[in-house]
Amino acid sequence: MKPKKFMKNILIKNGTIVNPDDKRNPERITNVFIREGKISKISANFDQPNADIIINAKGKIVTAGLVDMHVHLREPGREDKETIATATRAAAKGGVTTILGMPNTTPAIDNQTTVRFVLDRARETGVINVLTSGSLTQKGEGKNLAEIWELREAGASVIIDDGPEEQTMALQRLALKYCQTFQMPLMAHPEDAAMKGNAVINEGWISTQLGLEGSSTSTETLVIARTIELLRETPVPYHFTHISAAESVNLIRAAKSEGLPVTCDVTTHHLALTDKECLDYNTLAKVAPPLRSEFDRQTLLAGLADGTIDAIITDHAPHLLLEKFVPFSLAANGIIGLETLFSIAYTELVVKKVLSLSDLIAKITINPAKIIRTKAGSLREGGAADISIWDTKTKFKINKNMFESKGRNTPFHGKTCRGFANEVICGGKLLVKKGKLLV
């Protein structure tokens, strides 16, 4: 990044700011002046400053840059699928200015060296803010705890083994005590590896039709239930990521009502799709946890609306197409999403009146930022100028061939949506102008 004295001053005029962190006035038409990488002024009434760049945002939505707290960067080890450089460019194109990378890389991010590698690499090649998680267990194998204190000291933001849980309850209990001591938030992929076995799809009518081994929702809900029991003994900030089942929502709602420090998120694809998307053996819809039933999807939507579900993520998981164009049982799990996070969420939730615009913005900015303990996600004077400006009126079709990500594994290709990033600013630098990436 250029020294601050060379950074351009930017004036955003007449935009509708949506800032859920401002409880008194979360939505208003106003101006934003950016100076030396910071938000200098937010006001409808001030003399036009000396701006190098003026953006007329009339009729558009101005928000904090989005925060995606679940992204697979693939680097180190699988740079053929994605790199930190390509992932951050994809994020910028999608209006995402802060991402949290998952630790199941090759090698796993289970020590100080790999944490520092990712953070250094992000500073060298990334165009947005990159945080990294650290692996709960050595190599992510679920057998022996990693050095949690060392991961924290090296800069890891949270601890997670992002894969079906293989650790014993005794090990999980020990992990809670370590994280309580080190004040380190824990995330979990709630899916029991032993119960899942060789399942590749949601258990139900669709799995029966396709003749594929199905995974019951209890594979997820039993992990959540037993973890909640442990949290009653050792209350540590604990986040369940990409929940997919109706009963998961009910369990987490009840835990919150007890005052337990639990939070959770859901992916855009679990909100928009069901296991019917897997008909005709569509491997682009194969994901872990699997797409569930319409009943599960509707319960997830209700959980979003009542505040049980705190955040929306992508679980951005790029794969080579040759890993998808194979028999369903052999195909890799995962969907890319950095460039479609807002458009899918806005179209499925705001247009369809599941959430207000302000509630949606909270779940993709300030809420995930608070969970992973970063100062991102809010528009405030003196804060970092991480800002996205959205066109929510123009309809467009998602085109995977226009993605900045190396991945093309999306079931949303050709979907008509509303809501794309017209301009994106990160750290005071204009990254996207009129929908075109500048970096």
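The values are calculated or read from the model by the stated rules, or taken from the named source; none is laboratory data. The model shown is predicted, which means the values in this text are computed figures rather than measured ones. Cβ placement follows ideal geometry from the backbone for every residue including glycine, while neighbour counts extend to all protein chains displayed.
Miscellaneous remarks
- Residue check, ILE309 closer than 28 Å to GLU75 by Cβ and within 20 Å of the chain's Cα centre (by Cα): no
- The listed residue being in contact (Cβ under 8 Å) with a residue 60 or more places away in the chain, crowded, with 23+ Cβ neighbours inside 10 Å and in a loop (DSSP other than H, G, I, E, B), out of PRO368, PRO289: PRO289
- Hits in the stretch 338-362 - residues which are surrounded by fewer than 23 Cβ atoms within 10 Å (Cβ to Cβ) and in a helix (DSSP H, G or I): THR347, GLU348, VAL350, LEU357, SER358, ASP359
- Apart from one condition, PHE46 fits all of (1) within 20 Å of PHE342 (Cβ to Cβ); (2) more than 16 Å from the chain's Cα centre (by Cα); the exception is (1).
- Unmet requirement for ARG74, which otherwise passes all of (1) touching a Pro at 6+ places or on another chain (Cβ under 8 Å); (2) surrounded by fewer than 24 Cβ atoms within 10 Å (Cβ to Cβ): (2)
- Lone qualifier among ALA44, ALA85, ALA90 - being surrounded by fewer than 17 Cβ atoms within 10 Å (Cβ to Cβ), of a type in the set (A, V, I, L, M, F, W, C), under 24 Å from THR365 (Cα atoms) and in contact (Cβ under 8 Å) with a residue 12 or more places away in the chain: ALA44
- Among the residues making up the stretch 403-434, those that are of a type outside the set (Lys, Arg), under 21 Å from the mean Cα position of the chain (by Cα) and not in a strand (DSSP E or B) are PHE403, GLU404, SER405, GLY407, ASN409, THR410, PRO411, PHE412, HIS413, GLY427.
- Any hit, the stretch 375-396, residues being without any contact (Cβ under 8 Å) to a residue 24 or more places away in the chain, more than 18 Å from the chain's Cα centre (by Cα) and assigned by TED's automatic domain parsing to the domain that holds VAL236: no
- Output for the stretch 222-244, where each listed residue is over 21 Å from the mean Cα position of the chain (by Cα) and either among the polar types (S, T, N, Q) or in a loop (DSSP other than H, G, I, E, B) (or both): THR227, THR234, PRO235, VAL236
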